[in-house]
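Below is one structure, written out as structure tokens, with a few remarks after it.
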Amino acid sequence: MKKLLILASAALMSASAAMAQEMEETVLVEEAPISAQDARVNFRSNWFVSVGAGPQMIMGDHDRELDFKNRISPALDVAVGKWFSPNIGMRLMYSGLYAKGATQNDAFSTGEALKERPWHGYWLRYSKIDFMQLHIDVMFDLTNVIGGYKPSRLYGGVLYAGVGYAHTWNKPHNNSLSANIGYMNVFHVCKALDVNLDIRASVFQDDFDGAGGRRDFDGLLSVTAGVAYKFAPRGWTKRREVVTRTMYNNGAVNELRGEVERLVAENEKLERNLAGKSVTHKVVEYVGGKYIIYFPINVSSLSNADRAQLEMCANAIKSASKDTKFLIMGYADKATGTPEVNEILSRSRAESVRACLVNEHGIDAHRFVVQWKGGVDNMFYNDPSLSRVVIISPISK
């Protein structure tokens, strides 16, 4: 057992020391552009704001009665968004100002009769619709999807679609859900700046222009040109590649080998000193009203011979008053083993004795109180082997 303990300790020391001597060198591979699928995602990167302006034209129930030039009105776009990958992004956009059309029921009317068709079976007047649309668009960079991500590319084609909410500022204050689809031409001027040409079609509920019944929906076509500013950090890089190289200190390894050889030699010397000595093992001894059960070193189980000899102790307990309880206290010698091992060993010895008395000799388990002390100094005659015991003693009332 001594040999096993020494060798186990040596192995543990070797493993711990070797691990302590490991030197890890971490190499960060330089980041470089790669495919969109492997781009490293960072929530803080690739945010942008954009602004654009241009012409727009509403398509309502009576707008075809106007000349083309009288249907054109200015448009304004303001957006904030983020690209989550080189292929996919999202933006929140405000668009609007006003639209020019024609009305028969004076909704949004300017009060001026149509000059193109002053009389055509009914009166028509010009209308001006002050409105705004707030919409969320999901964007797909078709250039990157088809051709792969290339930071040096000057042009990008972005297809997008979205839904939103539209509201007219002037009476009759109509509200409508909206949907839109569009294509944006993106020209990469520099890392931080893009120039956009955005072509978009939007649809609203049929009565958004103040007249209903002739169409399933009202439409809006807009073409805006503008700029987008991209906040840093911007662009796409590949995921970090970390290479760990482990190196060992050979001098430390050789030193540990010498320590192991020393421990082995010490174990052999111990075995020579013990050679020829007879080892006797008493099981049960009655001393001063207490029963002492002896155990070999590092042993907590009972052999069949041990169980047979415990019968003397069991008979004495059975002959005592049934109200008498007994303390079963386990010990280990402090000279061998770690405190943790001795704690477990002393407890296991006490539990083994109780199990024998209860299960094999039929004594009520409630008559026993089990405790343990762990490793202790020499209890008798300065002999550590006499501290590897379990002591059974009656508990005074």
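Taken together, the values in this text are just the output of simple stated rules run on the coordinates, not laboratory data. Just so it is clear, the structure is predicted and the values come from calculations on it, not from any experiment. Cβ sites come from the backbone with ideal geometry, for glycine too, and all protein chains shown count toward neighbours.
Quick notes on this one:
- Applying the Karplus relation 6.51 cos²θ - 1.76 cosθ + 1.60 with θ = phi - 60° to the stretch 42-54 yields 3J(HN,Hα) values of 9, 4, 7, 9, 6, 8, 8, 10, 9, 9, x, 8, x Hz, where x marks Gly and Pro.
- Ranking of C313, C356, C190 by count of other Cβ atoms within 10 Å, fewest first: C190, C356, C313
- Across the stretch 202-207, coupling constants 3J(HN,Hα) worked out from phi with the 6.51/-1.76/1.60 Karplus curve, θ = phi - 60°, read 10, 10, 10, 5, 4, 8 Hz, and Gly and Pro carry x.
- Modelled label positions at A355 and S303, each set 7 Å beyond Cα in the direction of Cβ, lie 1.8 nm from each other.
- Local charge for N46 was computed over the other residues whose Cβ lies under 10 Å away, with Lys and Arg +1 and Asp and Glu -1, and equals +4.
- Multiplying the residue separation of V341 and N378 by 0.36 nm and subtracting their alpha-carbon distance yields 11.6 nm.
- Approximating the spin labels as points 7 Å out from Cα along Cα→Cβ, the V163-to-L327 distance works out to 7.8 nm.
- In terms of surrounding Cβ atoms within a 10 Å radius of their Cβ, S73, S319 rank from fewest to most as S319, S73.
- Rounded to 5, the percent of DSSP beta bridges in the stretch 284-394 classed as antiparallel: 65 percent
- Taking each of K171/K230; K69/K230; K290/K373; K69/K191; K82/K128 in turn, the alpha-carbon distance tops 27 angstrom for K171/K230; K69/K230; K69/K191; K82/K128.
- For A192 and N170, the difference between the fully extended length at 0.36 nm per residue and the C-alpha to C-alpha distance is 4.1 nm.
- Residues with amide H under 5 Å from that of F84, placed H, sequence gap 5 or more: G89, M90
- When only Cα pairs below 8 angstrom with a gap of at least 6 residues are kept, the stretch 36-230 shows a relative contact order of 23 percent.
- Between T110 and K290, full extension at 0.36 nm per residue minus the direct alpha carbon distance yields a gain of 53.3 nm.
- 3J(HN,Hα) along the stretch 59-70: 10, x, 6, 10, 5, 5, 6, 8, 5, 4, 5, 7 Hz, from the Karplus curve 6.51 cos²θ - 1.76 cosθ + 1.60 with θ = phi - 60°, whole Hz, x for Gly and Pro.
- Ordering Y291, Y126, Y155 by the number of other Cβ atoms within 10 Å of each residue's own Cβ, fewest first, gives Y155, Y126, Y291.
- For Q205, the residues 5 or more places off, or on other chains, whose built amide H falls under 5 Å of its own are L177, D218.
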